[in-house]
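Chemist: Here it is: the structure, laid out below.
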Amino acid sequence: MSDAKRIKELRDLLTRANRAYYTDADPIMSDREFDALLDELATLEHNHPGLADPNSPTVRVGGQPIAGFETKKHAVPMLSIDNTYNEQEVRDWVNRTKKAMSDDGSALFNAAGSGFVCEPKIDGVAMSIRYESGVFVQALTRGDGTEGDDVSHAVRTIRSLPLKLEPSKGITIPDVLEVRGEVYIPLSEFERINEERETNGDEPFMNPRNACAGTVKQLDPKAAADRKLGFLAHGIGEVSAPDFARSFSEFIEKTTKLGIPTTDQRRLAAGVDEILREIDRVDKLRHGLDYATDGVVIRVDSLAQQDALGVTSKSPRWVIAYKFPAERKTTVLVDVAHQVGKTGKITPRATLEPVLLAGTTVTHATLHNYGMVRQRDLHIGDTVEVEKAGEIIPQVIGVVKEERPKRAKPVLPPDTCPDCDAPLEIEPHEAIEDPTKETTRRCVNPECPAQIREKLVWFVGRRQMDIDSLGEQTIDQIRASDIPLNHFADIYRLHEHREALLELERMGEKKIENMLSSIEASKSRGLARLLGAMGIRHVGTSTAKALAKVFPDYDALLSAKPYELMPMAVNRMSGKKRMELFGLDDKLENEYETGLGEDTAEVFYAYLHSKPARETFEQFRDLGLDLSSQEYVEAGQTQDSPFAGKTIVLTGTLEHFTRPELSEKLEAMGAKVSGSVSKKTDLVIAGESAGSKLTKAQSLGVEVWNEQQLLSALAD
Ligand SMILES: [Zn+2]
């Protein structure tokens, strides 16, 4: 098969697999197979730049960063929807709409006998997605409704969204089909992102919508690919075929068949009673959905009637959004704890009298920072109002001052670290004059036990070093004993304290054995996982990975110049600034996004070269931790191997490997695996029934190995 043909075959197959997984929830291959085929496709595409396709399934893992956003005009204005919080207003709207339609002489009913469609209002980022001849060409944000930002690079990474529409029986795909909908962050993913941000020392996102907006506005699509965005269609933009759909529900039904994700919570309603029942139904079930919802959108189903109703200056008359009032309850502030996080940041956390709020019993709420505490003049014993931000995180939003008990004491920030008594740093500077402006209060002691505990807990976490038998409780138990556990390196010395460990409660031989072997196994996680696990300021999981792709090991990272830690940021600087700061005449050739910028790279550089950091890494080395980058090898950099720097072609059927597996293996050893034989080919590996590639290799005099030769070279 020619490479061009194979590329097409792989693209079709992977597109089908995506659809089967995301739309039909009926996978046709394992994740492993999917990844292997995706790798094979990436290799072929790399070797055939002429066959590039912006909608290849490989863009799901993130293409090239863009330089900036281009603003583009919407083909059909993207208006916002009128909101109401009030049942009576919904009734009025229904009556008005019905009256307008009967004045017009037309009946407000679709074929199904219903006039309206209701669906949950998803709290995400509105997006207009344009397909031309069935192919994804563009995604625009709403912007001001007339023009939006082109964020195609980020939206292409959404795996549930087809880049090519799947033809479906009886549906003619219009030349132009614009589908509007909501890009959102699943709630489970939202939690993961916030956890990661906290490690980086970044403020967590307040709600999934902020997180989503921040993600689609990243210039580097890899950032979007890393966060698993979702999309659900709920609107119509430009459609070149006027007869494509006569009603909104028909439009959604057809686009669903073409592979575009839509909600299964859409219901038809004949009149106001059914609409109000639907609002009630969605309100009850919405806390169980994996996306944030804040209301119900109600619209006239018939497109002809929508046209007849028209638009006001800012929003259509044929649609309205009923928004659920953010559920707010009052309860009593019992106490405020001052929690020290792993970056030393101290966060006031309220303990409340238990209260049922938006589906869960709430006993704690965030007070964000001491500036907020001052603004609200919080006292212990106060009756406070609580609400869930974006329906997720409980927060105290106000105080009922009239109900303050006499002699109630104000909530005061700690003067020194509540755990180690070390001095605190307060930010921003003006907060010293005006305490209501305070955003951050941080313990400056790098050896603060509370910080160390949080850091150790993070370090052993599943997505970090994954030491599963050393959990939070065991860490506390060991730290309460005489066994030293104050540094990451101490984890790797626990085996020296086997006897003492045995004396701890609930610590049997078997448990210790498990713990020590999972500690041992964690030594080989490599540099990216280790950096990400250490909770270094500004170095979260994705930055750690990015660095490990570029630097083969810790030593290389240590000898990196400051500008090498942030080449993209350097290349975005003006020439003058680049010269001033780093003495660089030219832009850097090797561009890679690390996620570090001017300020953050400086902090990380200073940390790497500090005495404590150097000691920590030297101890890791002595204790046998792998300080090299598996990611670097995977990124295809050359290594000492018989295959390093060689261009290799695989042909025929191999007994011990699939081709994608072998490609991956050889690339990991520094080879470039190509799809076709030419004079530049260094080596052809020929399996059973190899065909034209083998003949060509022989005619060009290229070295040919059989599988046996390959196996013995790999064994060396
Ligand atoms: Zn402290």
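Chemist: Six or more apart or on different chains, Cβ atoms under 6 Å: show the pairs whose first residue is in the stretch 432-456 and at positive phi and whose second is more than 15 Å from the ligand (Cβ to nearest atom).
Modeler: Short answer, once both residue conditions are applied: none.
Chemist: From Gly295, Gly259, which residue is part of a loop (DSSP other than H, G, I, E, B), open to solvent by less than 20 Å² (accessible area, probe 1.4 Å) and either over 21 Å from Val183 (Cα atoms) or in the same structural domain as Glu119 (by TED's automatic domain parsing) (or both)?
Modeler: Selected residue: Gly259, the only one of Gly295, Gly259 that is part of a loop (DSSP other than H, G, I, E, B), open to solvent by less than 20 Å² (accessible area, probe 1.4 Å) and either over 21 Å from Val183 (Cα atoms) or in the same structural domain as Glu119 (by TED's automatic domain parsing) (or both).
Residue-by-condition table, conditions (1) within 11 Å of the chain's Cα centre (by Cα); (2) open to solvent by 30 Å² or more (accessible area, probe 1.4 Å); (3) closer than 24 Å to Glu70 by Cα; (4) in contact (Cβ under 8 Å) with a residue 12 or more places away in the chain:
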{"residue": "Ile158", "(1), (2), (3), (4)": "yes, no, yes, yes"}
{"residue": "Asp175", "(1), (2), (3), (4)": "no, yes, yes, yes"}
{"residue": "Pro186", "(1), (2), (3), (4)": "yes, no, no, yes"}
{"residue": "Glu191", "(1), (2), (3), (4)": "yes, yes, no, no"}
{"residue": "Met206", "(1), (2), (3), (4)": "no, yes, no, yes"}
{"residue": "Arg209", "(1), (2), (3), (4)": "no, yes, yes, yes"}
{"residue": "Cys212", "(1), (2), (3), (4)": "yes, no, yes, yes"}
{"residue": "Gln218", "(1), (2), (3), (4)": "no, yes, yes, yes"}
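Chemist: Of Glu402, Glu425, which residue is open to solvent by 60 Å² or more (accessible area, probe 1.4 Å), acidic (Asp, Glu) and more than 16 Å from the ligand (Cβ to nearest atom)?
Modeler: Glu402 is the lone residue from the list that is open to solvent by 60 Å² or more (accessible area, probe 1.4 Å), acidic (Asp, Glu) and more than 16 Å from the ligand (Cβ to nearest atom).
Chemist: Against the conditions (1) surrounded by fewer than 18 Cβ atoms within 10 Å (Cβ to Cβ); (2) at pLDDT 90 or above; (3) more than 10 Å from the ligand (Cβ to nearest atom), where does Pro413 fall short? Just the number, please.
Modeler: Failing condition for Pro413: (1).
Chemist: Could you grab me the full set of residues in the stretch 450-478 that are over 14 Å from Leu531 (Cα atoms), open to solvent by 20 Å² or more (accessible area, probe 1.4 Å) and more than 16 Å from the ligand (Cβ to nearest atom)?
Modeler: Arg462, Asp468, Ser469, Gly471, Glu472, Gln473, Asp476, Gln477
Chemist: From (1) open to solvent by 70 Å² or more (accessible area, probe 1.4 Å); (2) assigned to a strand (DSSP E or B); (3) touching a Gly at 6+ places or on another chain (Cβ under 7 Å), pick out the condition that doesn't hold for Thr347.
Modeler: The one condition Thr347 does not meet is (1).
Chemist: For the stretch 226-256: of the residues being open to solvent by 20 Å² or more (accessible area, probe 1.4 Å) and either among the small types (Gly, Ala, Ser) or part of a helix (DSSP H, G or I) (or both), which is nearest to Arg130 (Cα to Cα)?
Modeler: Ranking the candidates gives Ser240 first.
Chemist: Filter the stretch 440-449 down to the residues that are crowded, with 20+ Cβ neighbours inside 10 Å and hydrophobic (A, V, I, L, M, F, W, C), then identify the one that is nearest to Glu203 (Cα to Cα).
Modeler: Cys443
Chemist: Any idea which residue in the stretch 317-344 is nearest to the ligand (Cβ to nearest atom), counting only those that are part of a loop (DSSP other than H, G, I, E, B) and over 30 Å from Ile275 (Cβ atoms)?
Modeler: For the stretch 317-344, the residue satisfying everything is Gly344.
Chemist: Let me ask another. Take residues that are under 20 Å from Glu40 (Cα atoms) and tell me which of the strands (runs of 3 or more DSSP E) falling wholly in the stretch 653-714 contain 1 or more.
Modeler: Filter on the stretch 653-714 gives 672-674, 683-686.
Chemist: Still on this structure, please answer the following. Anything in the stretch 631-653 that is at pLDDT 80 or above and either under 31 Å from the mean Cα position of the chain (by Cα) or of a type in the set (A, V, I, L, M, F, W, C) (or both)? List them, or say none.
Modeler: Phe643, Ile648, Val649, Leu650
Residue-wise test of (1) over 22 Å from Leu268 (Cβ atoms); (2) at pLDDT below 90.
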residue	(1), (2)
Val90	no, no
Asp104	no, yes
Leu108	no, yes
Gln138	yes, no
Arg159	yes, yes
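Chemist: Okay, next question. Kindly indicate the residue of the stretch 639-652 that is of a type in the set (A, V, I, L, M) and over 15 Å from Leu41 (Cα atoms) and also surrounded by the most Cβ atoms within 10 Å (Cβ to Cβ) among those meeting that condition.
Modeler: Going through the qualifying residues, I end up with Ile648.
Chemist: Is it the case that some residue within the stretch 428-439 is within 11 Å of the ligand (Cβ to nearest atom), at pLDDT below 90 and surrounded by 16 or more Cβ atoms within 10 Å (Cβ to Cβ)?
Modeler: no
Chemist: Scan the stretch 375-393 and give yes if some residue there is among the polar types (S, T, N, Q), away from the ligand (no atom under 16 Å from the Cβ), modelled with pLDDT of 90 or more and part of a helix (DSSP H, G or I), otherwise no.
Modeler: Yes: the stretch 375-393 contains one or more residues that are among the polar types (S, T, N, Q), away from the ligand (no atom under 16 Å from the Cβ), modelled with pLDDT of 90 or more and part of a helix (DSSP H, G or I).
Chemist: Name the residue that is nearest to Thr58 (Cα to Cα), counting only residues in the stretch 18-39 that are at pLDDT 75 or above and in contact with a Ser or Thr (Cβ under 8 Å, 6 or more places away or on another chain).
Modeler: Result: Leu38.
Chemist: Looking at the stretch 390-437 only, could you name the residues that are under 20 Å from Glu454 (Cβ atoms) and among the acidic types (Asp, Glu)?
Modeler: Asp419, Asp421, Glu425, Glu427
Chemist: Tell me which residues, restricted to the stretch 670-703, are open to solvent by 50 Å² or more (accessible area, probe 1.4 Å), out of contact with any Gly (no Cβ under 8 Å at 6 or more places or on another chain) and touching a residue at least 12 places away in the same chain (Cβ under 8 Å).
Modeler: Scanning the stretch 670-703 gives Ser676, Lys679, Lys680, Asp682, Lys696, Leu700, Glu703.
Chemist: Only residues that are basic (Lys, Arg) and touching a residue at least 40 places away in the same chain (Cβ under 8 Å): list them for the stretch 262-311, please.
Modeler: Arg266, Arg267, Arg286, Arg299
Chemist: Hey, among Gly181, Gly145, which residue is under 18 Å from His74 (Cα atoms), crowded, with 21+ Cβ neighbours inside 10 Å and not β-branched (Val, Ile, Thr)?
Modeler: Gly181
The values are calculated or read from the model by the stated rules, or taken from the named source; none is laboratory data. Please read these numbers as outputs of a predicted model, since none were measured by experiment. Ideal geometry is used to build each Cβ from the backbone, glycine not excepted, and the neighbour counts take in all protein chains shown. Only protein heavy atoms, including side chains, enter the accessible area calculation; ligands, DNA and RNA are left aside. Shrake-Rupley method; radii C 1.70, N 1.55, O 1.52, S 1.80 Å.
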